[in-house]
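Report on one structure; see the data block that follows.
The values are calculated or read from the model by the stated rules, or taken from the named source; none is laboratory data. In this text the structure is predicted, and so the values were computed from the model without any measurement. We place every Cβ from the backbone using ideal geometry, glycine too, and count neighbours over all the protein chains shown.
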Amino acid sequence: MEVDLQREARRGRQAEEDLSLLGEHVRDRQRELFGRFVSTNDDSEVYELREEARALQRLVNFFEELTMTGQLAETQLGDERYE
């Protein structure tokens, strides 16, 4: 079990690093999409913009979940060491 926790902790740390690198790009892209969204009247473009915004948010959520899981694993590892 400790090996699994260590692996999850590593994955969480890596996800946190990746998210910090991707974060600025994602925020910039989201602002760009929003700007295009409010200035268009084309229904097909609105659909595409909305779907891309959703995909970006799912990406961010995925990395945040990995980060949280890694933090929980690190906490669990710390608790097991003191038992």
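Summary table below
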| read-out | value |
| --- | --- |
| Check on E64, among the acidic types (D, E) and surrounded by 15 or more Cβ atoms within 10 Å (Cβ to Cβ) | no |
| Residue match in the range 34-54 (condition: assigned to a helix (DSSP H, G or I), of a type in the set (S, T, N, Q) and under 30 Å from E8 (Cβ atoms)) | no |
| Residues that are polar (S, T, N, Q) and either touching a residue at least 60 places away in the same chain (Cβ under 8 Å) or loosely packed, with under 15 Cβ neighbours inside 10 Å (or both), drawn from the range 30-44 | S39, T40, N41, S44 |
| Complete set of residues in the range 48-76 that are of a type in the set (S, T, Y) and at pLDDT below 95 | T75 |
| Every pair of residues 6+ apart whose Cβ atoms lie under 7 Å, when the first sits in the range 45-70 and is closer than 13 Å to G23 by Cβ while the second is modelled with pLDDT under 95 and polar (S, T, N, Q) | L56/Q30 |
| Residue that is surrounded by the most Cβ atoms within 10 Å (Cβ to Cβ), among those in the range 5-26 that are farther than 12 Å from E74 by Cβ and in contact with a helix residue (DSSP H, G or I) (Cβ under 9 Å, 6 or more places away or on another chain) | A15 |
